Amino acid sequence: MQRFKPSVHLSGEPGLLMVPADAPAGVVTDTRGALGFDRPLWEQFAHYVSGAARGDLGTDEVGRDVLSRLTYGARISLRRSMY
């Protein structure tokens, strides 16, 4: 049984949320760097906005393109609303 650890899950530290709870500090630091969480918040936001302006909304948890998933969902919703 896995127990809830408020200090880890509610810390707001994305590096801690992406790795196992018993991961060494070096793994957490490497994960933060690989995901870009080690950069200032304004720089992360500017990177996201510039990508979104080009149509790059990133990928979901399993690596699928978010823009194509939104397009597919909108197409299904429009089709359903016509009946």
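Only the coordinates and a few stated rules stand behind these numbers; no lab work does. Since the model is a prediction, treat every value here as computed from it, not as a measurement. Using ideal geometry, Cβ is built from the backbone for each residue, glycine included, and neighbour counts are taken over all protein chains shown.
Here are some notes:
- Distance-filtered residues of segment 35-60 - backbone nitrogen under 18 Å, label point 7 angstrom along Ser77 Cα→Cβ: 57-58, 60
- The share of C-alpha pairs in segment 17-72 whose separation exceeds 19 Å stands at 46 percent.
- Estimated at 0.36 nm per residue, the fully extended path between Leu17 and Asp56 surpasses their Cα-Cα distance by 11.6 nm.
- Membrane-span-like helices in the chain, defined here as complete DSSP H runs extending at least 20 Å along the helix axis by their C-alpha atoms with mean Kyte-Doolittle hydropathy no lower than -1.0, are 66-81; this is a sequence and geometry rule, not a statement about a membrane.
- Label-point separation in nm, Leu67 to Phe37, each point 7 Å along Cα→Cβ: 2.6 nm
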